[in-house]
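The values are calculated or read from the model by the stated rules, or taken from the named source; none is laboratory data. Quick caveat, the model's predicted, so the values are computed rather than measured. For neighbour counting, all protein chains shown are included, and Cβ atoms are generated from backbone atoms with ideal geometry for every residue, glycine included. The accessibility values were calculated without ligands, DNA or RNA, using every heavy atom of the protein model including side chains. Shrake-Rupley method; radii C 1.70, N 1.55, O 1.52, S 1.80 Å.
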Amino acid sequence: MSKLGNLGARLYRGEVGYDFVGKRKIWYAVSILITITAIVGLAVRGLNMGIEFEGGAVFNTPKTSASVAKAEESAEKASGHDAIVQKLGDDKLRIQIAGVDINKSDQIKKSLATDLDVKAEDIDADLVGPSWGEQIANKAWQGLAIFMILVVIYLAIAFEWRMAIAALIALIHDITITVGVYALVGFEVTPGTVIGLLTILGYSLYDTVVVFDSLKEQSKDITKQTGHTYSELANKSINGTLVRSINTTVVALLPVAGLLFIGGGVLGAGMLNDISLSLFVGLAAGAYSSIFIATPLVADFKEREPQMKALKKRVLAKRAAAAAKGESAEAPERGAAEPDDGEDGPEDAAAAVVGPRTQPASRNRGRGRPSGKRR
């Protein structure tokens, strides 16, 4: 078995682990700091909405020797708006101008034809009206809201309402961070971005449900035992699924990183950036929230219940009593016998825990017999 597989098995059995739930205040503080940064970036810089949402025009030119910088300068001068120019195969250019009046498209086309030394009739123009872009934006928000509602309903039925609320907070956390990164980086928001957001929400939800399912199994009849608190079982569930979460996240991030850094950065395929950035940031944020946010929040919610408070008191009291006697609090639960009141003394109790003591055979050898040589 590999080292990582061996570690995963030991984490699953509870032999080793990290106290994620016990240090949840640190993770909350980190998430709050990142979220505030994302909100500030969104408020200050805003989102660079594509023409699918704001309306505008896209001009595809035939083969031309003009550079991207020259085409961008010509488009901005002719339209009075910012332009995004991408170089396609065979030295063709794609010029995108958001927010421009579509009635000026013929005028812009003629100006581009003159500056780029091509024929005006060879330039293809795709126009998007602002009303259609507004409908697309509204449909995107409606789809996101419906997704959130269905998630809460499903988790409340399959698990419990506390887990549903924790998962919803984690999803909002992931969306906020991803949208904030878009605002800070300045990448264009397109329908591909929305598709990427919905994809990473489903992935984040999958990771969270895996941990919740493990926690649900381990917390059955939790009030009938005195070995663990709810927070400890929650932490055990996180550790038990930790290697699985890391493996799935890394495997998912590698191809997305290829799209973002190689396809969009090195090869210059800018159209890949809109969906690959949302997937990359969202996958990383989703893995983080499923481990550091969702399950610790469930533990916080559950520990406020009177039954869980009473259980915690019993567990701590038992451990204190065991520590006073110098014994392990979990020893009786593992099948060791307990001394009867008034009958067995401390030596009998110790023998019940560690087992009967035996003398070495070498010390008993020869006792009860005469020693020496026969005469």
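Between Ile36 and Asn138, with labels modelled 7 Å along Cα→Cβ, what's the label distance in nm to one decimal, could you check?
3.7
Please list 79-86, 202-209, 277-284 highest first by mean number of surrounding beta-carbon atoms within 10 Å per residue.
Values: 79-86: 18.5, 202-209: 20.6, 277-284: 23.9.
Top to bottom by mean Cβ count within 10 Å: 277-284, 202-209, 79-86.
In whole percent, and with a 1.4 Å probe on the protein chains, what portion of the accessible area of segment 56-128 is carbon and sulfur?
41
Between rounded, prolate and oblate, where does segment 134-200 land on the alpha carbon gyration tensor, with a ≥ b ≥ c its root eigenvalues, rounded for a/c under 1.5, else prolate if a/b exceeds b/c? Mind showing how you got there, number by number?
Values: a/c = 3.24, a/b = 1.73, b/c = 1.87.
Taking the square roots of the gyration eigenvalues as a ≥ b ≥ c, segment 134-200 is oblate.
In whole percent, and with a 1.4 Å probe on the protein chains, what portion of the accessible area of segment 162-298 is carbon and sulfur?
The value for segment 162-298 is 73 percent carbon and sulfur by accessible area.
Please name whichever of Ala78, Gln142, Trp161 sits farthest to the positive end of the charge dipole of segment 71-217, dipole taken about the Cα centre and charges placed at Cβ: Lys and Arg +1, Asp and Glu -1.
Trp161
How large are Rg and Dmax for segment 56-128 when calculated on the C-alpha trace, in angstrom?
Over segment 56-128's Cα set, Rg and Dmax evaluate to 10.5, 30 Å.
Tell me the label-point distance for the pair Lys104, Ala321, using the 7 Å Cα-to-Cβ offset, in nm and rounded to one decimal.
8.3
At what distance in nm do the modelled label points of Ala156 and Tyr18 sit from each other, each positioned 7 Å from its Cα along Cα→Cβ?
According to this spin-label approximation, the distance is 3.4 nm.
With a 10 Å radius around each residue's Cβ, average the other Cβ atoms per peptide and rank 135-145, 63-73, 107-117, highest first. Before the final figure, lay out the partial values.
On the way: 135-145: 13.3, 63-73: 14.8, 107-117: 17.7.
Output ranking for 135-145, 63-73, 107-117: 107-117, 63-73, 135-145.
Taking the Cα centre as origin and putting +1 on Lys and Arg beta-carbons and -1 on Asp and Glu beta-carbons, what dipole magnitude results for segment 56-128, to the nearest 20 debye?
Charge dipole of segment 56-128: 60 debye, to the nearest 20.
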